[in-house]
Amino acid sequence: MGIQITNLNKAYGEHQVLENFCAEIPEGKTTCVMAASGKGKTTLLRILMGLEKPDGGEITGLENKRISAVFQEDRLCENLSTEANIRLVQKGGKGRSRDFLQQLQDGFSAVGLEGWGKRPVKELSGGMKRRAALLRALYADWNILFLDEPFKGLDRETKDKVLAFVREKCRGKTVLCVTHEKEEAEILGAEILEL
Amino acid sequence: MISIISKNKKRQIRLWAVAFWLLIWQAASMAIGQEILLVSPVAVLQRLKTLVWESTFWLSCAFSVLRIVSGFLLGTALGVVLGGVSFGFCRIRELLAPLVLTMKSIPVASFVILALIWIPSKNLSVFISFFMVFPVVYTNVIQGIESVDKKLLEMAQVFQVSRMRKIRYIYLSQVLPFFRSGCCVALGLCWKAGVAAEVIGIPDGSIGEHLYQAKVYLDTPDLFAWTVVIIVISLLFEKVFLGVIDWGVRKLERR
């Protein structure tokens, strides 16, 4: 069963962001949310992640689910290394296991961050931080992945590489991705949900 | 944090600047020509050379260092613990607010005189040092916790990061710069106030007692020599203490 959203309402003061919004996010598939700026894409994601309370409506299908996310901002601990940021969100001692660290190295190579794992995040460029945030989300233990403009700030070549990696890692999983680019949705093989 | 440490390194005192002021001091002393009014750095150095061979010198240093450092460590520990507790429980914060404000506002001299009624002069510097350090560290720790990036906390909530990891990797790394700068301020204050308390309370065998005697007998070389000793000890302690904090930060960042 996917995520069912029924009559979702959210307003900030006088500004109604979501009004009786209904949707179904299918399980095991990637769905891209598309809309113009200020139409409530990020608000929808924040409500689904449990960071905002809706004014009304119902959401089902998120019970007992492990969530992972790439936020609109990178939200990395700047003083920690890239690897430590990824290990921070691992459950128990998984982040220290040899298998995991090996997989992580493959991830670093796939997104063009090889050799940057041990460096503090503050030494990374904007695009590198975005990729580090993506790796953190992808390597966490999750059933549902929320991506809020995950490829912004990446150049063409890097974006293609990262998109291919994300598509591979998300195959058969429930992913909700906010994007402005139709092309990204196509590469990810996603269904499009217009707000 | 590393940027804060390197900024501090840039601010380090330069030898040439020290030499310049020593020369000015020597010139001023020679111009005045009366050691009782302004002793020369050479005379201070000579007095120090004789002092370091006396056992009472080392005993007095140990006496004052032990007490002032104890007060500093007590104030720091309590400031950290109560700062953390106050952030979690707003009633405790409200309860402590008037007390902390009072501690910050009371002039040291009047509190030293008042404290002399309650505490034997021997341990007065522990109390006064604690009294100076606690409000500074407490306030800085609270400010540090308040400054923690809410977006990182949301990230931790979404990824269900454990409480211990949150404290260690999110709170600690953001509070430490505030704690460090609080300690920098508190270190200076505790030595000034601690020695002032000793000068007023005149406990036997303390640095403060020597300063008091130097004042009574108008022994200016002695007064300056002991002042130099206080500066050196406080700088050494500051270096060691902040060095330990920086080492801890580096270890945390290397994780």
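Please treat every number below as a calculation from the coordinates, not as lab data. The model shown is predicted, which means the values in this text are computed figures rather than measured ones. A quick note on method: Cβ atoms are made from the backbone with ideal geometry, for glycine too, and the neighbour counts reach across all protein chains shown.
Computed values, structure above
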| read-out | value |
| --- | --- |
| Vicinal HN-Hα couplings computed from phi for segment B:156-172 (Karplus, 6.51 cos²θ - 1.76 cosθ + 1.60; Hz; Gly/Pro x) | 5, 5, 5, 7, 6, 5, 5, 4, 5, 5, 4, 5, 5, 9, 9, 5, 4 |
| Signed unit charges on C-beta, dipole axis of the protein assembly as shown, positive-most listed residue B:100, B:113, B:197 | B:197 |
| Check: chain B dipole with +1 on Lys, Arg Cβ and -1 on Asp, Glu Cβ, in debye | 1380 |
| Electrostatic dipole magnitude of segment A:77-137 [Cβ: Lys, Arg +1; Asp, Glu -1; Cα centre; debye, to 20] | 200 |
| Using θ = phi - 60° and Karplus 6.51 cos²θ - 1.76 cosθ + 1.60, couplings along segment A:73-90 (whole Hz; Gly, Pro as x) | 9, 5, 6, 9, 7, 4, 7, 7, 6, 4, 4, 5, 4, 6, 5, 4, 9, 7 |
| Cβ charges +1 (Lys, Arg) and -1 (Asp, Glu), total dipole of the protein assembly as shown, debye | 920 |
| Convex hull per residue volume in Å³, alpha carbons only, for segment A:56-96 | 115 |
| Simple spin-label estimate for residue A:39 and residue B:239 in nanometres, 7 Å along Cα-Cβ | 6.4 |
| Dimensionless Rg ratio for the protein assembly as shown, taking C-alpha atoms and the 2.2 N^0.38 Å reference | 1.36 |
| Antiparallel %, DSSP beta bridges [both residues in the protein assembly as shown], to 5 | 40 |
| Among B:75, B:208, B:88, residue whose mean-square fluctuation peaks in a GNM of chain B (springs only between Cα atoms under 10 Å) | B:88 |
| Whole-number Å³ per residue for the convex hull built on Cα positions in chain B | 152 |
| Distant-in-sequence amide H partners of residue A:177 (H built 1.01 Å from N, under 5 Å) | A:31, A:32, A:33, A:147 |
| Nitroxide proxy distance, nm - points 7 Å out along Cα→Cβ at residue B:122 and residue B:153 | 4.7 |
| J(HN,Hα) series, segment B:56-61, from Karplus relation 6.51 cos²θ - 1.76 cosθ + 1.60, nearest Hz, glycine and proline x | 4, 4, 5, 5, 5, 4 |
| Rel. contact order, % - alpha carbon contacts under 8 angstrom, at least six apart, chain A | 31 |
| Kirkwood Rh in Å, taken over all unlike Cα pairs in segment A:77-137 | 11.4 |
| Quarter of the Cα convex hull surface for segment A:70-195, i.e. its orientation-mean projected area (nm²) | 7.5 |
| 5 angstrom amide H check on residue A:52, placed H, neighbours 5+ away | A:47 |
